């Protein structure tokens, strides 16, 4: 049976009429298993996938109000966390990651968490004195409602796939995903497998500059290819990435974020980061998209990397299927390692449900990208 293609306009008409058929990735795969792909395709217009992964590659961009006398901000601190002067005389950029300086043990992620939950932070500004900006220093307290404008920029918001991290060295290795006990004490995997955005939407094909996604309970927008973008990565015959692959950067309005969907965290020996729930729609516009969206965890895999060596290229121990990762034990170098998720399946599922509700009610715009993410690699080594 031929699966007839659908146009963007057709899907938008169904959404306006309240007839858009939307379901989660697991629900779509269950339909395929029960009724076959043609029937599941006929009963589904859009599949929703979601991630809830850790990231420290992000910045909080804030625009503050005018001061009297005016100040041209060059450096800033929010609760002791260093920031830099950004665009305009009263803009600052606060990195989300880092924060290993004792005794703070916090970074921009913790500052963001306090702002989102209604707390105050101490703001200290240092200015560059000019004729029009004579103020050199300013200290005050800042709450969310006193910020003129703010965006959270996630430089590595969505990647096609994750990695499996372990350590072959003695002791504890600190990683961006959590502590790794070695040698061969256990493994952490960062991707959500068939439930994730990138393994439901190979190449992030429906994400491009200006594409809407649900981020932290708010509508965010793809700004382009993100940090470490590698669209030419190794792929399965189905088109799914065997490594992190393509990456999308996303921006979202600070005031729209909801604290239950974005959690600050701190990794010993690595620094602060965010656990962010993100969901994206995958319009089933043709048979190829539908076939890619229905692959299960047994058909998808992630690379196994040894994090005991702090180098850009880490020793690889092949690939492992997500079905094995979900079982809790994987084979590595002739050993059986217990493995654990370095992400939140519960937050991801909740964000997927929220996006499904928004799509059905017409509160989330459904549209194809005007142009795809760049095909040029964004991972160019910086050599001395």
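For the ranges 365-378, 287-300, what's the packing order if you count other beta-carbon atoms within 10 Å of each residue, average per peptide, and put the highest first?
287-300, 365-378
To the nearest 500 deg cm²/dmol, what mean residue ellipticity at 222 nm is calculated for the chain from DSSP H runs of n ≥ 4 alone, each contributing -39,500 (n - 2.57), summed and divided by the residues?
Computed ellipticity for the chain at 222 nm equals -5000 deg cm²/dmol.
Between residue 9 and residue 253, how high is the FRET efficiency from 1/(1 + (r/R0)^6) when r is the Cβ-Cβ distance and R₀ = 35 Å? Nearest 0.05.
The value I calculate is 0.80.
Could you calculate the contour length gain from residue 333 to residue 67, that is, 0.36 nm times the residue separation minus the distance between their Cα atoms, to one decimal place in nm?
This chain segment gains 89.6 nm when fully extended.
Would you look at the GNM of the chain, springs on alpha carbons closer than 10 Å, and say which of 153, 123, 104 moves the most?
104
Extending each Cα 7 Å along its Cβ direction at residue 124 and residue 357, get the distance between those two points in nm, one decimal.
Reported label-point gap for residue 124 and residue 357 is 4.3 nm.
Spin-label point model (7 Å from Cα, Cβ direction): what's the residue 346 to residue 319 distance in nm?
If labels sit at residue 346 and residue 319, their model points lie 3.2 nm apart.
Every read-out reported here was derived from the displayed coordinates using simple, explicitly stated rules and does not represent laboratory data. Because the structure is predicted, anything quoted here is derived from the model rather than measured. All Cβ positions, even for glycine, are placed from backbone atoms using ideal geometry, and neighbour counts span all protein chains on display.
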